[in-house]
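Visitor: Pasting a structure below so you can have a look.
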Amino acid sequence: MAMGIGVVVIGRNEGLRLERCLASLAGTAQKIVYVDSGSTDGSVPMAQRVGVEVVELDMTIPFTAARARNEGFACAKRLLPTMRYVQFVDGDCEVVDGWLLQAQAFLDTRPDVAVVCGRRRERYPERSIYNLLCDLEWDTPIGEAKACGGDALMRADAFAAASGFRADLIAGEEPELCVRLRANGWKVWRLAAEMTLHDATMTRFGQWWRRTLRGGYAFAEGAFLHGAAPEQHWLRESRRAWFWGLGIPLAIIFTSLMLGGYGLFLLLIYPLQVVRLARRGKGSARENWLLAFFLVLGKFPEMLGQVKFLLNRFGAGKSALIEYK
């Protein structure tokens, strides 16, 4: 058992995935807290049966994963005042055996690092191209990083000093927290170690579209909060979404009005971009072409996510969770 570590698991209606998650954590940490956001599949009594502390969120208050993690942290800290580190994990993930001890050992030797994460893999990448895309997306470089994802081990004191996650963010709360931690002098690190197995269960195009739209929303909100120099958080990603998702289509329409059918030749910029990205890929040929195609196609839902953020922020819209499951 890793001493001084608390674990915060969040989820809703994860069923077997949550069972696997909690089973993978049994006996690995001093305190495990499961935060439930209105499950109707028996997740709460199941978690209670295996001896996990359960926090049931008040669903009359708008839900965000950030709020769930914050409440889970508060509970874990209350039950384990000596908690030095907190592992956040999504309920659809299974924690790899030995990860907590390895991550704890790293933080023990690196007092300048506040957040450490490892390799998150998709459990069934062969079941759909969308699961495969998730697996490829999470294969980021090791070493010092700018941000982590939903699964990470953090110093409890650094997390508390930064006031935790921004509870009002509906997406992108982990990178936003990392921006503030790095501004406070901390570092974020990624190890070449297996950390979690994720079960996206993403088999339909519509799921991928909504997940990518949510990413665009997160880019817009991140750029709004921290887009100024020197951080320029997600500013490039936001600009790319506007350029590829709206700028080029508008240029095609304008050119077509001016030159007739010749303007449609501008459409070739999209397949040419796919070719360019595929040739730069480092995976197999199939992986490179799939990733390149969906990176280009993804600029359209990302752009719509940007629009959704602007409408919510400056119009009459209201922030609401964008779910793909």
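Visitor: Quick one: residue 33 ticks every box in (1) touching a helix residue (DSSP H, G or I) at 6+ places or on another chain (Cβ under 7 Å); (2) in a strand (DSSP E or B); (3) over 24 Å from residue 176 (Cβ atoms) except a single one, so which number is it?
Guide: (3)
Visitor: What pairs come out if I take residues in the range 168-196 that are in a loop (DSSP other than H, G, I, E, B) and pair them with residues that are at pLDDT 95 or above and aromatic (Phe, Trp, Tyr) whose C-beta lies under 6 Å away, six or more apart or interchain?
Guide: Once the first residue is in a loop (DSSP other than H, G, I, E, B) and sits in the range 168-196, its partners that are at pLDDT 95 or above and aromatic (Phe, Trp, Tyr) give 171/217.
Visitor: Condition check: surrounded by 14 or more Cβ atoms within 10 Å (Cβ to Cβ) and part of a loop (DSSP other than H, G, I, E, B). Does residue 324 satisfy that?
Guide: Spelling it out, residue 324 is indeed surrounded by 14 or more Cβ atoms within 10 Å (Cβ to Cβ) and part of a loop (DSSP other than H, G, I, E, B).
Visitor: Another question, if that's okay. Restricting to the range 1-38, give me the number of residues that are surrounded by fewer than 20 Cβ atoms within 10 Å (Cβ to Cβ) and under 15 Å from residue 57 (Cβ atoms).
Guide: Summing the residues that are surrounded by fewer than 20 Cβ atoms within 10 Å (Cβ to Cβ) and under 15 Å from residue 57 (Cβ atoms) in the range 1-38 gives 2.
Visitor: While we're here: Which residues, taken from the range 150-164, are within 17 Å of residue 190 (Cα to Cα) and at pLDDT 95 or above?
Guide: Correct list: 151, 152, 153, 154, 155.
Here's the yes/no breakdown for (1) surrounded by 20 or more Cβ atoms within 10 Å (Cβ to Cβ); (2) of a type in the set (Lys, Arg); (3) in contact with a His (Cβ under 6 Å, 6 or more places away or on another chain):
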site	(1), (2), (3)
68	yes, no, no
73	yes, no, no
78	no, yes, no
87	yes, no, no
96	no, no, no
100	yes, no, no
103	yes, no, no
111	no, no, no
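Visitor: Follow-up question, since we're still on this one. Evaluate the following for residue 68: is it touching a Ser or Thr at 6+ places or on another chain (Cβ under 8 Å), within 29 Å of residue 204 (Cβ to Cβ) and without any contact (Cβ under 8 Å) to a residue 60 or more places away in the chain?
Guide: Considered against the rule, which asks whether it is touching a Ser or Thr at 6+ places or on another chain (Cβ under 8 Å), within 29 Å of residue 204 (Cβ to Cβ) and without any contact (Cβ under 8 Å) to a residue 60 or more places away in the chain, residue 68 comes out as yes.
Visitor: Can you name the strands (runs of 3 or more DSSP E) wholly within the range 50-129 that have at least 2 residues being under 18 Å from the mean Cα position of the chain (by Cα) and over 20 Å from residue 16 (Cβ atoms)?
Guide: Per the criteria, 85-90, 113-122.
Visitor: Tell me the residue from 235, 266 that is crowded, with 17+ Cβ neighbours inside 10 Å, closer than 29 Å to residue 177 by Cα, free of Cβ contacts under 8 Å to residues at least 40 places away in the same chain and among the hydrophobic types (A, V, I, L, M, F, W, C), please.
Guide: 235
Visitor: Let me spell it out: the conditions are (1) under 15 Å from the mean Cα position of the chain (by Cα); (2) not in a loop (DSSP other than H, G, I, E, B); (3) not basic (Lys, Arg), and residue 132 meets all of them except one. Which number is the exception?
Guide: (1)
Visitor: OK, next. Name the residue, out of 54, 86, that is among the β-branched types (Val, Ile, Thr), modelled with pLDDT of 95 or more and under 24 Å from residue 323 (Cβ atoms).
Guide: After applying the criteria, what remains is 54.
The values are calculated or read from the model by the stated rules, or taken from the named source; none is laboratory data. Small disclaimer: the values here were computed from a predicted structure and weren't measured. So basically every Cβ, Gly included, is an ideal-geometry build from the backbone, and we count neighbours across all protein chains shown.
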